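Below is one structure, written out as structure tokens; the observations come after it.
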Amino acid sequence: MKNSWYFFLLVILMTAAFAAIHYYTDFAYQIHTMVLLVVLTCLSRQLVNLQHISVALLAITAVEYVLIKYILELSASGLPAYQGNGFIFGSHFIVDFVTLLFLKYRVSLSLRYIKHTSSNNWRSIYMTHADPILYGIYFAFILVDLAAFGENIIRNLEHFGVDESFAKQFWSWGLIYYNYEILKSILLSCVVTTILATIFVERQRPDTPDEELESEPK
């Protein structure tokens with residue numbers, strides 16, 4: 001119970017701190033996230049489950065960063081703003097959906113990896129506190145991505161064949177659209193602090209394997 005209180009307290013305080021850093025550095029959240037994930041990968045080098053999560057999220061974030069940079073370059077070269085925004089929100093959705101799938105099957109993927117690299121160490125693979133929490137966070141990512149993508153379409157209906165006299169009433173819509181970077185920043189901060197807090201909790205974990213892992217998987 002004591003560790004659980006520490007866990008949630010760290011998540012709340014450090015999420016607020018990282019979100020503030022993102023805000024005051026013009027929302028360069030992907031760069032910050034990659035740097036922090038590198039740090040977390042080093043911190044979790046003795047915790048194989050968190051090592052797998054950190055490395056996978058680092059690789060996915062790097063792919064997302066390159067993809068978004070490419071779309072921004074296309075936008076700068078003359079791609080209409082509504083199309084550029086649509087590609088950006090769509091790309092975020094695809095990346096976040098892939099991440100969600102990874103987190104859903106993370107334990108089984110880790111077991112397969114360990115089986116081929118260190119088969120005698122299979123008992124070190126289990127579901128951590130971070131797994132369900134990160135799954136929930138990335139589900140929230142997907143909802144935000146879809147909302148922003150939908151708002152981008154609604155705000156630009158005249159480009160999709162809708163009469164401008166009707167479409168202009170939606171030009172002011174943008175609850176998620178205008179706050180997308182803030183929401184993305186907060187959620188990414190939750191990702192980083194969840195992993196960091198889980199590292200703290202896992203270091204207090206007894207070395208004995210879970211009962212449910214007493215029999216070797218097929």
Cα centroid of the range 112-135 to Cα centroid of the range 39-63, whole Å: 13 Å
Å² of accessible area per residue within the range 86-148, as computed with a 1.4 Å probe and no ligands counted: 51 Å²
According to a simple spin-label model (label point 7 Å from Cα along Cα-to-Cβ), what is the distance in nm between VAL98 and LYS115? 2.4 nm
In what sequence, largest accessible area first, do GLU73, GLU64, GLU158 appear using a 1.4 Å probe? GLU73, GLU158, GLU64
Accessible-area composition of the range 62-218, carbon plus sulfur, in percent [1.4 Å probe]: 62 percent
Length gained if VAL63 through TYR126 is fully extended, taking 0.36 nm per residue and subtracting the Cα-Cα distance, is 20.0 nm
Counting Lys +1, Arg +1, Asp -1, Glu -1, what net charge surrounds ILE53 among other residues with beta carbon under 12 Å of its beta carbon? -1
Expected output is a single nm value to one decimal: the length gained when fully extending between LEU79 and ILE154, i.e. 0.36 nm times separation in residues minus the C-alpha distance. What is it? 25.1 nm
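The values are calculated or read from the model by the stated rules, or taken from the named source; none is laboratory data. Because the structure is a prediction, the values reported are computed rather than measured. Note that we place each Cβ from the backbone using ideal geometry, even for glycine, and neighbour counts take in every protein chain shown. Surface areas here come from the heavy atoms of the whole protein model, side chains and all, with no ligands, DNA or RNA. Shrake-Rupley method; radii C 1.70, N 1.55, O 1.52, S 1.80 Å.
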